[in-house]
Amino acid sequence: MNAAIAPSNPSPSSLEALNDWVQSVAGLTRPDRIHWCDGSDAEYAALLKQMQADGTLLPLNADTHPGSWLHRSHPDDVARVEHLTFVCHENEEDAGPNNHWMAPAEAHAKIDALFDGCMRGRTMYVIPYCMGPIDSPLARCGVEITDSPYVVANMRIMTRMGADALARIEREESFVRGLHSIGELDPERRYIMHFPEELTIKSYGSGYGGNALLGKKCHALRIASHQARNEGWLAEHMLIVGIENPQGEVHYIAAAFPSACGKTNLAMLIPPESYRERGWKVWTVGDDICWMRPGADGRLYAINPEAGYFGVAPGTGANSNPNALASIQRDTIFTNVATTADNQPWWEGLDDRVPAKDWQGRDYKADNGPAAHPNSRFTVSAKQCPSYSPHAEAAQGVPISAIVFGGRRASLVPLVFEARDWTHGVLVGASMGSETTAAATGQVGVMRRDPMAMKPFCGYNFADYFAHWLSFDKPGAKLPKVFHVNWFRKGDGGKFLWPGFGDNLRVLEWMIGRVKGEAGAVDTPIGALPAVADLNLDGVELSDEAKEKLFAMDRQGWREELVSIGRYLEDYGTRMPRTLHAEQARILQGLS
Ligand code: OXD
Ligand code: MN
């Protein structure tokens with residue numbers, strides 16, 4: 001590994017600013033060495049070797065999983081920490097009730113005190129990266145400084161990292177600055193701070209994905225949502241998937257579901273056999289984040305800013321997501337999974353083998369709880385996915401035909417409905433609710449409002465964010481249709497009523513039919529619902545209860561839901577766009 005402090009021939013532009021910042025961070029954190037990451041294979045190999053030597057990475061079975069590694073994180077550091085995540089605008093109102101806020105000066109002082117001298121004895125890595133295809137006008141660059149080689153290795157998979165990104169930073173005027181240290185991995189000394197007005201992130205005390213791989217949630221959502229508002233685009237917590245019909249037409253769909261609610265599964269869906277026989281294909285563009293901007297023709301064009309998947313392992317199996325499973329057979333970093341006796345990675349939902357070691361490296365005992373941590377992950381290059389779209393690297397992005405919102409709702413919410421127009425669609429997104437999952441620390445299974453699946457990720461006041469969404473409806477715009485889905489509706493016996501996974505294509509086919517003006521629907525005050533006959537259900541056995549609950553609108557239940565949505569909008573005071581209040585009132589009136 002080289003320890004050059006600066007690349008050769010820096011120009012007096014962004015690179016000078018970058019060098020100055022690196023020097024000032026080194027002055028604060030006092031590392032023994034500074035390493036500028038070039039993203040090369042040789043650098044990656046050296047990092048892996050070093051992490052194997054110090055036990056950060058354990059090699060997995062090289063016959064079954066060549067080039068793959070296991071990382072066991074600190075048991076107190078296994079998920080995003082929303083209660084320790086702050087969005088520090090100058091003005092508290094700009095952060096909104098959806099964020100934890102601290103005044104920037106106070107936040108800098110608090111976290112800089114933790115950074116003081118924290119890299120003594122360690123190497124400080126400087127990671128230039130690009131979020132999005134390197135030549136895309138929609139892409140944006142950042143630099144993460146970290147003392148964690150595990151973070152460097154993950155960033156190499158998840159972003160376009162190294163020399164090309166540095167060259168783009170040199171050409172451009174600004175880049176996002178992210179400073180990260182694992183510190184002591186002490187939950188009492190942990191903060192994830194964002195300074196949107198300074199395009200700066202500071203994260204201390206955690207090595208876990210969303211807290212430490214700063215290109216992902218911190219940059220590509222919290223900071224980017226703020227940049228997107230200023231620059232007229234959208235940074236969203238959405239998968240992007242291309243659906244090819246037997247005529248060879250591809251429709252791209254962007255879908256927002258909260259963490260651990262099946263975005264990766266939908267993005268990599270395998271069509272049911274009868275669809276495959278007829279020539280339907282599914283193309284994965286992205287599984288977690290979507291940046292969208294209006295093109296010259298008025299349509300929204302989207303890129304996936306990431307280059308890899310940081311997917312939830314439990315529940316990933318041959319039935320639920322064969323494409324993900326195929327992707328992670330080699331060159332993958334696994335975090336907090338269990339292992340079998342022959343040292344293969346294992347998690348609940350993979351198969352019926354019994355693991356030998358649990359995620360903490362203890363001999364597996366059922367009494368100790370799940371073998372793999374419920375938020376255990378795989379990090380893998382997107383290119384390893386068999387359904388990776390040939391257009392995923394397109395600089396101009398892919399045109400979006402439909403936007404889908406969805407959450408985990410055991411009751412009330414039908415399988416699918418279509419918003420009547422963009423304004424209604426924004427209200428549908430703004431009022432999304434879902435039961436919490438293990439992706440963040442805290443209680444699991446509690447219903448909370450998670451607008452556009454952005455509750456933990458919007459870098460500014462939700463009221464302003466909804467106004468920004470509404471602003472896309474302008475003359476000349478050819479906006480996507482907006483839908484809401486619920487794959488998680490349960491029957492009276494507590495079982496899921498919809499088979500989900502590959503069969504979700506039936507719902508996507510109906511949406512595409514609606515986009516093309518070909519599929520039927522029944523108008524209701526909450527939107528247009530398919531009748532049972534409007535969906536292709538050949539080969540699906542649905543009980544009478546399922547047919548009734550998945551395709552019906554419960555008027556009384558929705559009245560209560562709309563009242564609750566009205567209260568939610570009120571929480572944002574006068575900043576909430578009146579248009580959304582009016583839309584809520586219109587629907588409530590339709591239900592009376
Ligand atoms: C993720 C998350 O890691 O949403 O994608 O938590
Ligand atoms: Mn996510």
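For the range 571-584, a residue qualifies if it is more than 28 Å from the chain's Cα centre (by Cα) and of a type in the set (Asp, Glu), and exactly one does: Glu583. If I filter the range 423-444 for residues that are surrounded by fewer than 18 Cβ atoms within 10 Å (Cβ to Cβ), touching a Gly at 6+ places or on another chain (Cβ under 7 Å), assigned to a loop (DSSP other than H, G, I, E, B) and of a type outside the set (Lys, Arg), do I get at least one hit? No.
Among what's in the range 430-443 and is within 16 Å of ligand 2 (Cβ to nearest atom) and touching a helix residue (DSSP H, G or I) at 6+ places or on another chain (Cβ under 9 Å), pick the residue that is nearest to Trp510 (Cα to Cα).
Residues of the range 430-443 that are within 16 Å of ligand 2 (Cβ to nearest atom), as a first pass: 432, 434-442.
Now drop any that are not touching a helix residue (DSSP H, G or I) at 6+ places or on another chain (Cβ under 9 Å), which leaves 432, 434, 439-442.
Details: Met432: 21, Ser434: 23, Ala439: 31, Ala440: 33, Thr441: 36, Gly442: 36 Å.
Only one residue tops the list, namely Met432.
So that you can scan it fast, the table gives a plain yes or no per residue for (1) closer than 24 Å to Ala139 by Cβ; (2) touching a helix residue (DSSP H, G or I) at 6+ places or on another chain (Cβ under 6 Å); (3) without any contact (Cβ under 8 Å) to a residue 40 or more places away in the chain:
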site: Arg293; (1), (2), (3): yes, no, no
site: Ala296; (1), (2), (3): yes, no, yes
site: Arg299; (1), (2), (3): yes, no, no
site: Ala302; (1), (2), (3): yes, no, no
site: Ile328; (1), (2), (3): no, no, no
site: Lys357; (1), (2), (3): no, no, yes
site: Asn368; (1), (2), (3): no, no, yes
site: Val380; (1), (2), (3): yes, yes, no
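Select the strands (runs of 3 or more DSSP E) contained entirely in the range 238-347, then report the ones holding at least 3 residues which are more than 14 Å from ligand 2 (Cβ to nearest atom).
Numbers: elements: 238-244, 250-256, 281-286, 290-294, 300-303, 308-312, 333-335.
Correct list: 238-244, 250-256, 281-286, 290-294, 300-303, 333-335.
Among the residues that make up the range 299-312, is at least one of them within 20 Å of Asn375 (Cβ to Cβ), surrounded by 20 or more Cβ atoms within 10 Å (Cβ to Cβ), of a type in the set (Phe, Trp, Tyr) and within 16 Å of ligand 1 (Cβ to nearest atom)?
Initial filter on the range 299-312 (within 20 Å of Asn375 (Cβ to Cβ)): 306, 308-312.
Those left that are additionally surrounded by 20 or more Cβ atoms within 10 Å (Cβ to Cβ): 306, 308-312.
When the remaining residues are screened for being of a type in the set (Phe, Trp, Tyr), the result is 309-310.
Adding the requirement that they be within 16 Å of ligand 1 (Cβ to nearest atom) leaves 309-310.
Yes: one or more hits.
Every test in (1) touching a residue at least 40 places away in the same chain (Cβ under 8 Å); (2) under 15 Å from Arg156 (Cβ atoms) is passed by Ala45 save one, and that test is (1). Restricting Ser181, Ser206 to residues that are farther than 30 Å from Ile400 by Cα, within 16 Å of ligand 1 (Cβ to nearest atom), at pLDDT 95 or above and buried (at least 24 other Cβ atoms within 10 Å of the Cβ) narrows the list to Ser206. Among the candidates Thr284, Thr335, single out the residue that is within 14 Å of ligand 1 (Cβ to nearest atom), polar (S, T, N, Q) and surrounded by 24 or more Cβ atoms within 10 Å (Cβ to Cβ). When all the criteria are applied, what remains is Thr335.
The values are calculated or read from the model by the stated rules, or taken from the named source; none is laboratory data. Keep in mind it's a predicted model, so treat the numbers as computed, not measured. We place every Cβ from the backbone using ideal geometry, glycine too, and count neighbours over all the protein chains shown.
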